[in-house]
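S.K.: Here's a structure for you.
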Amino acid sequence: MKYLLVSDIHGCLPSLEQVLNFYDRECYDMLCILGDILNYGPRNRIPEGIDPKGIVERLNARKDNIIAIRGNCDAEVDQMLLEFPIMADYALVVDNGRRLFFTHGHVYNEQNRPTLKHDIFVYGHTHLWKLEPADGGIVCNLGSVTFPKGGNEPTFATYDDGVLRVRRMDGSVLKEMQI
């Protein structure tokens with residue numbers, strides 16, 4: 001399967017639409033959203049293009065192909081609008097024998113890694129993208145499509161057949177690693 005991984009949308013519809021256009025154009029199978037979907041949070045500015053209702057409509061239309069995780073800015077009221085589950089702190093996806101641990105990063109992170117065996121640890125939350133080897137596997141931070149930090153550009157990632165790629169919003173690859 002082909003997975004597109006995104007985190008920290010924070011209610012910005014134009015950013016989500018760029019990601020969904022790439023998803024459709026490149027024929028991905030699953031959209032994995034690692035938290036902070038609708039709300040921008042108290043520490044962020046209001047994003048340009050904020051449209052939580054539009055995001056709900058776009059994502060609910062794809063509900064059968066979404067894996068989603070709760071971020072620190074996601075709430076039960078968001079779950080009332082979204083037609084796919086978002087309230088879990090993590091998901092473990094097994095693809096061709098490889099274990100991918102998806103989380104937002106505010107509960108599990110590089111300082112508090114889960115004890116559950118995994119080959120790839122994927123998170124968001126810090127808005128700083130990263131893709132590095134770690135403990136015989138890979139650690140990946142997706143960055144943010146709306147509020148990248150540290151001088152980074154907006155990013156998301158893809159996973160296909162053992163290869164994890166961090167991508168710019170136009171889909172070009174910033175870095176890739178194979179497990």
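S.K.: Which whole-number value in Å² is the accessible area per residue of the range 22-157, probe 1.4 Å?
M.R.: The answer is 48 Å² per residue.
S.K.: Just to check I understand the Karplus step: with θ = phi - 60° and J = 6.51 cos²θ - 1.76 cosθ + 1.60, what whole-Hz values come out for the range 153-162, glycine and proline as x?
M.R.: Calculated HN-Hα couplings, in order: 8, x, 9, 9, 9, 9, 9, 8, 6, x Hz.
S.K.: Here is a further query. Could you give the length gained on full extension between residue 48 and residue 76, defined as 0.36 nm per residue of separation minus the Cα-Cα distance, in nm?
M.R.: Answer, rounded to one decimal: 7.6 nm.
S.K.: Excluding residue 131 itself, what net charge comes from residues whose Cβ is under 10 Å from its Cβ, given Lys and Arg +1 and Asp and Glu -1?
M.R.: Net of charged neighbours comes to +1.
S.K.: Please state the relative contact order of the chain as a whole percent: Cα pairs under 8 Å, 6+ residues apart?
M.R.: 22
S.K.: For the pairs 130/175; 149/175; 63/117; 2/117, note any where the Cα-Cα span goes beyond 20 Å.
M.R.: Details: 130/175 9 Å; 149/175 17 Å; 63/117 28 Å; 2/117 22 Å.
Violating the 20 Å limit, Cα to Cα: 63/117; 2/117.
S.K.: Using a 1.4 angstrom probe on heavy atoms only, work out the carbon and sulfur share of the accessible area of the chain in %.
M.R.: For the chain, the apolar C and S fraction of the accessible surface comes to 47 percent.
The values are calculated or read from the model by the stated rules, or taken from the named source; none is laboratory data. Predicted model only: the values in this text are computed from it and were never measured. Backbone-built Cβ (ideal geometry, glycine too); neighbour counts: all protein chains shown. Each accessible area value is taken on the protein alone, full model and side chains, heavy atoms only, with ligands, DNA and RNA left out. Shrake-Rupley method; radii C 1.70, N 1.55, O 1.52, S 1.80 Å.
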